[in-house]
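Input: a single structure, listed below in structure tokens.
Taken together, the values in this text are just the output of simple stated rules run on the coordinates, not laboratory data. Just so it is clear, the structure is predicted and the values come from calculations on it, not from any experiment.
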Amino acid sequence: MDMFELMEWLSERGVTTVFKVDGERMMERRAAWMVIVSGGPLGEDSFFRADLVTADACLDALLAHLVSKGLSPFAS
């Protein structure tokens with residue numbers, strides 16, 4: 001599953017998702033990729049943000065967070 005498929009899956013469940021790359025951070029060789037999710041079945045007070053070096057690392061962190069909340073796009 002790629003990030004776009006996951007974002008669509010999350011949006012169908014009422015989760016707001018932001019996936020971003022920051023060009024300035026990239027030029028400075030800092031963690032330029034960011035993912036944020038909130039709302040929906042994650043709950044009103046549930047907010048997750050990860051700032052990491054690669055898009056894949058953000059995807060992995062997000063998937064681990066979702067599983068920890070009992071929400072998995074891989075469950076049937």
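A few notes on this one:
- Across the chain, Cα pairs under 8 Å and at least six residues apart give a relative contact order of 24 percent.
- Taking θ as phi - 60° and the Karplus parameters 6.51, -1.76 and 1.60, the scalar couplings of the stretch 28-41 work out to 8, 6, 10, 4, 8, 8, 9, 10, 10, 9, 6, x, x, x Hz in sequence order, x denoting glycine and proline.
- Rounded to the nearest Hz, the phi-derived 3J(HN,Hα) couplings of the stretch 60-71 under the Karplus curve 6.51 cos²θ - 1.76 cosθ + 1.60 (θ = phi - 60°) are 4, 5, 5, 4, 5, 5, 4, 4, 5, 8, x, 10, where x marks glycine and proline.
- The gain in end-to-end length when the R49 to D22 segment is fully stretched comes to 8.3 nm, 0.36 nm per residue minus the alpha carbon separation.
- The chain: calculated mean residue ellipticity at 222 nm from DSSP helix runs of at least 4, using -39500 (n - 2.57): -10500 deg cm²/dmol
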